[in-house]
Amino acid sequence: MSLADHWNDRYENNPASKLSWFQESSPEVEFITVNVGKATPVIDIGGGLSPLVHQLIDEEFTDLTVVDVSEFALEQGQRKAEGRQVQWIQSDLRDWTPTRMYGLWHDRAVFHFLTDKEDQERYLLMAAEALVPSGYLILGTFSENGPQTCSGLPVARHSVDELTAAIAGDFTIIDSHTQEHVTPSGGVQEFAWMYAVRN
């Protein structure tokens, strides 16, 4: 089964509200609305069924892009967006190259699925090269205390210190912390969060 098929199966056969990463809203929106202009190009990585893009639509952001490996998730997200202008891109991040620049790169719960060090390094370089100077990176990924698998796949876990070291060459950290996410089934997953500015 391909990675796209794996995620299509997950989304098609499970209500979104039962998926382990489900959340009603994205707390990051508060930071975005305070620090980023509404015409700023924003990209959400793995956001096919994320609430983020819909919250930003409600906040009247006008340049939004979503990348997801799951065609099903993108179709559902597009339907929920009710025709609002969003660029929806179906791709495995390991095979994708951005074709434009962004002012904010957001990723909650995708980076930890990159278990190969070369894929991790390529991802971080890609994010840096796709962000304008002073553009923002918001990255949420499983901490060193997070689960070892998710949705039937192995994951990589990263401490705040490891993430800080990994992006320090291209970014200035403005906030970093861990956060406990309570899953719909009542489990607890610890995330490491990085908020950074492109040098």
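Taking region 158-199 as the range and being of a type outside the set (A, V, I, L, M, F, W, C), touching a helix residue (DSSP H, G or I) at 6+ places or on another chain (Cβ under 6 Å) and more than 17 Å from Val132 (Cα to Cα) as the test, the residues that pass are Ser176, Pro184. When each of Thr97, Thr141, Thr65 is tested for being touching a His at 6+ places or on another chain (Cβ under 8 Å) and of a type in the set (Val, Ile, Thr), the lone residue that passes is Thr141.
Residue-wise test of (1) farther than 16 Å from Tyr136 by Cβ; (2) touching a residue at least 12 places away in the same chain (Cβ under 8 Å); (3) touching a helix residue (DSSP H, G or I) at 6+ places or on another chain (Cβ under 6 Å).
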{"site": "Ala4", "(1), (2), (3)": "yes, yes, no"}
{"site": "Asn8", "(1), (2), (3)": "yes, yes, yes"}
{"site": "Glu59", "(1), (2), (3)": "no, yes, yes"}
{"site": "Arg79", "(1), (2), (3)": "yes, no, no"}
{"site": "Ser91", "(1), (2), (3)": "yes, yes, no"}
{"site": "Arg94", "(1), (2), (3)": "yes, yes, yes"}
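For region 1-13, a tally of residues being in a loop (DSSP other than H, G, I, E, B) and at pLDDT 90 or above returns 2. Checking Ala192, Ala165, Ala156 one by one, the residue that is among the hydrophobic types (A, V, I, L, M, F, W, C), more than 26 Å from Lys38 (Cα to Cα) and free of Cβ contacts under 8 Å to residues at least 12 places away in the same chain is Ala165 and no other. The set of residues in region 159-199 being among the aliphatic types (A, V, I, L, M), touching a Ser or Thr at 6+ places or on another chain (Cβ under 8 Å) and part of a strand (DSSP E or B) consists of Ile173, Ala192, Met194, Ala196, Val197. Consider region 122-145 and keep the residues that are touching an Asp or Glu at 6+ places or on another chain (Cβ under 9 Å) and in a strand (DSSP E or B). The one that is farthest from Leu163 (Cα to Cα) is Leu131. For Ser134, are the conditions met, namely being within 22 Å of Glu30 (Cα to Cα) and over 17 Å from the mean Cα position of the chain (by Cα)? When the stated conditions are applied, Ser134 passes them. For region 98-121, state whether one or more residues are without any contact (Cβ under 8 Å) to a residue 40 or more places away in the chain, assigned to a loop (DSSP other than H, G, I, E, B) and under 20 Å from Pro41 (Cβ atoms). Scanning region 98-121, I find at least one residue that is without any contact (Cβ under 8 Å) to a residue 40 or more places away in the chain, assigned to a loop (DSSP other than H, G, I, E, B) and under 20 Å from Pro41 (Cβ atoms), so the answer is yes.
The values are calculated or read from the model by the stated rules, or taken from the named source; none is laboratory data. Keep in mind it's a predicted model, so treat the numbers as computed, not measured. Cβ coordinates were reconstructed from backbone atoms using ideal geometry, including for glycine residues, and neighbour counts include every protein chain displayed.
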